[in-house]
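Since the structure comes first, as structure tokens, the remarks are kept for the end.
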Amino acid sequence: MADTDTSRWAGPLQGVRVLDFTRVLAGPAAALALADLGAEVWKLEPPGTGDDTRGFPPHRDGESHYFLSINRGKKSIVVDLKTKEGVELVRGMAAQCDVLIENYRPGVMDRLGLGYEALSAINPRLIYCAISGYGMTGPLRDRPSFDIVLQAMSGVLSVNGEAGRAPTKLGVPLGDLVGGINGPIGILAALYERSVTGKGRLIDVSLMDGMIGMLAYLPQLAWFTGQDPLPQGAEHPNLVPYGIFPAKDGSIIVACLTNLFWKRICEALEMEELIEDPRFNTIQQRRDNRAGVNARISAFTSQCKVDELVERFTRYEVPHAPILGVLEALNQPQAVAREMVVETEHKTLGKIPIVNRPIKFPGAAQPVPAAPPVLGQHTDEILRNGLGLTQAQIDGLRALKIVA
């Protein structure tokens, strides 16, 4: 039976300890997913600056919006890996952890003496997840990468944007965030395998591989047609109507995936005569007569306000949505009902709003996530409770500037 005591149940990964060597976005997103699921995440940061994103503006009272957005529920420890003693300390930490995540270029961790072979010799149960732009093999393995580079290399950027215009990057950094999806999937699978075999393993996550996987049906479409899919804005290459339609006071999204929805759209817009019109009564006919379909729908929607269209489409169960800004999206009734925004207590900022965990466990509520840590906030706690060091030993390490 699920434990519903929120003072004790952190989530289904309660008891799993993660050593987080990551920075910026792809790796921290993977560690964040594990923290959300209840794992204890030790975020290892360098002295002085910490994670690069701590320096990304805008700031409030010295805290970066970027760092706050992707590091909730973690514990920060500062260790200087430029010292031999710092490396040895981290090796001791790895011996106490179930999972290690890093997103350095291939070879960097090996040169530090903290690669998979070295650490698995200390801890054979360690699951070691390496996230990089192009993976651990292949001609591009040593090349640096960023979100927009991965969008371009994977083909994703080529299909994003308006028809007849140059492609544009996605508004969300999916090239990085895909590491926060595939990394945890691999880690959870390896944790299950370890429960059977007793052994950990190395996981190689390539962000470019992940973005190619995100192409969904587009590769098969390209193979069928022998042509690259082209940007079509908010429209779909084969489904019509599908996209943005004008209203008196803005615009609205309408999506028609089947003939059933075509019938509902026609009824909602008082165009029942089009339901069986041979120009529009099949998916292929609507695709071939895209301009005619869109023109008929736009002629109606442009005479209505967005709220009226929402009411019509809701009544007829048509897939639709007003186009919300970020603040509107966070404050909409559905997001409020799902508690997607909560307040948490930050060490220096006081109460701050944060995005809540996206995965819920009915019948076993989790407490509000801990705020993102200030730099080195949990150094003493981790060394004392995780490694069993005395306060005198911790003070000695701090005096030598090995930890901060």
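The values are calculated or read from the model by the stated rules, or taken from the named source; none is laboratory data. All values derive from a computational prediction rather than experimental measurement. Reconstructed Cβ throughout: ideal geometry from the backbone, glycine too, with neighbour counts over all protein chains shown.
The residues of region 295-352 that are closer than 18 Å to CYS256 by Cβ and touching a Ser or Thr at 6+ places or on another chain (Cβ under 7 Å), listed by number, are LEU309, ILE323. A search for C-beta distances below 6 Å between a residue of region 56-69 that is outside the structural domain of THR348 (by TED's automatic domain parsing) and at pLDDT below 95 and any residue that is of a type in the set (Asp, Glu) and surrounded by fewer than 14 Cβ atoms within 10 Å (Cβ to Cβ), counting only pairs 6+ apart in sequence or on different chains, returns nothing. Counting only residues that are crowded, with 22+ Cβ neighbours inside 10 Å and of a type in the set (Asp, Glu), region 82-119 holds 2 of them. Scanning region 250-267 for residues that are under 14 Å from ILE283 (Cα atoms), surrounded by fewer than 18 Cβ atoms within 10 Å (Cβ to Cβ) and in contact with a Phe, Trp or Tyr (Cβ under 7 Å, 6 or more places away or on another chain) gives a single hit, ALA255. Going by the conditions given, is GLU343 under 30 Å from ILE181 (Cβ atoms) and of a type in the set (D, E, K, R)? For GLU343, the condition - under 30 Å from ILE181 (Cβ atoms) and of a type in the set (D, E, K, R) - is met.
Residue count for region 191-220 under the criterion of being within 22 Å of the chain's Cα centre (by Cα) and at positive phi: the result is 1. Pairing each residue of region 156-168 that is closer than 14 Å to PRO237 by Cβ with any residue that is part of a helix (DSSP H, G or I), provided the two are 6+ apart or on different chains, yields C-beta distances under 8 Å for SER158/ALA152; VAL159/LEU218; ASN160/GLN151.
Confirm whether ALA404 is under 24 Å from the mean Cα position of the chain (by Cα), on the phi < 0 side of the Ramachandran plot and not β-branched (Val, Ile, Thr). In short, no.
Just to be sure, is ALA392 assigned to a helix (DSSP H, G or I) and aliphatic (A, V, I, L, M)? Steps first, answer last, please.
On the way: assigned to a helix (DSSP H, G or I): yes; aliphatic (A, V, I, L, M): yes.
Yes, satisfied.
Grab the strands (runs of 3 or more DSSP E) fully contained in region 227-335, keeping just those with 2 or more residues being more than 26 Å from TYR217 (Cα to Cα) and not basic (Lys, Arg).
Details: elements: 242-247, 250-255, 320-322.
Filter on region 227-335 gives 242-247, 250-255.
Scoring LYS199 on the criteria (1) free of Cβ contacts under 8 Å to residues at least 40 places away in the same chain; (2) out of contact with any strand residue (DSSP E or B) (no Cβ under 9 Å at 6 or more places or on another chain); (3) in a loop (DSSP other than H, G, I, E, B); (4) not acidic (Asp, Glu) leaves a single failure, condition (1).
Is at least one residue of region 171-189 in contact with a Leu (Cβ under 9 Å, 6 or more places away or on another chain) and more than 27 Å from ILE359 (Cβ to Cβ)? No.
Evaluating THR348 against the criteria (1) assigned to a strand (DSSP E or B); (2) in the same structural domain as LEU68 (by TED's automatic domain parsing) leaves one unmet condition, (1).
All conditions in (1) surrounded by 19 or more Cβ atoms within 10 Å (Cβ to Cβ); (2) out of contact with any strand residue (DSSP E or B) (no Cβ under 6 Å at 6 or more places or on another chain); (3) closer than 30 Å to LEU397 by Cα; (4) among the hydroxyl-bearing types (Ser, Thr, Tyr) hold for SER145, with the sole exception of (3).
Check region 150-164 and report whether any residue there is more than 30 Å from ASP228 (Cα to Cα), out of contact with any Pro (no Cβ under 7 Å at 6 or more places or on another chain), surrounded by fewer than 18 Cβ atoms within 10 Å (Cβ to Cβ) and of a type outside the set (Phe, Trp, Tyr).
Filtering region 150-164 for residues more than 30 Å from ASP228 (Cα to Cα) gives none.
No - not one qualifying residue is present in region 150-164.
Filtering region 213-249 to residues that are surrounded by 16 or more Cβ atoms within 10 Å (Cβ to Cβ) and under 24 Å from ALA30 (Cα atoms) leaves MET214, LEU215.
Regarding region 117-133, can at least one residue be identified that is among the hydroxyl-bearing types (Ser, Thr, Tyr) and in contact with a Pro (Cβ under 8 Å, 6 or more places away or on another chain)? Lay out the reasoning, then the answer.
Within region 117-133, the subset among the hydroxyl-bearing types (Ser, Thr, Tyr) is 120, 128, 132.
Adding the requirement that they be in contact with a Pro (Cβ under 8 Å, 6 or more places away or on another chain) leaves 132.
Yes: one or more hits.
The rows are residues; the columns are (1) touching a Ser or Thr at 6+ places or on another chain (Cβ under 9 Å); (2) of a type in the set (D, E, K, R); (3) assigned by TED's automatic domain parsing to the domain that holds GLY179; (4) on the phi > 0 side of the Ramachandran plot.
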residue: ALA222; (1), (2), (3), (4): no, no, no, no
residue: GLU235; (1), (2), (3), (4): no, yes, no, no
residue: PRO246; (1), (2), (3), (4): yes, no, no, no
residue: CYS256; (1), (2), (3), (4): no, no, no, no
residue: ARG287; (1), (2), (3), (4): no, yes, no, no
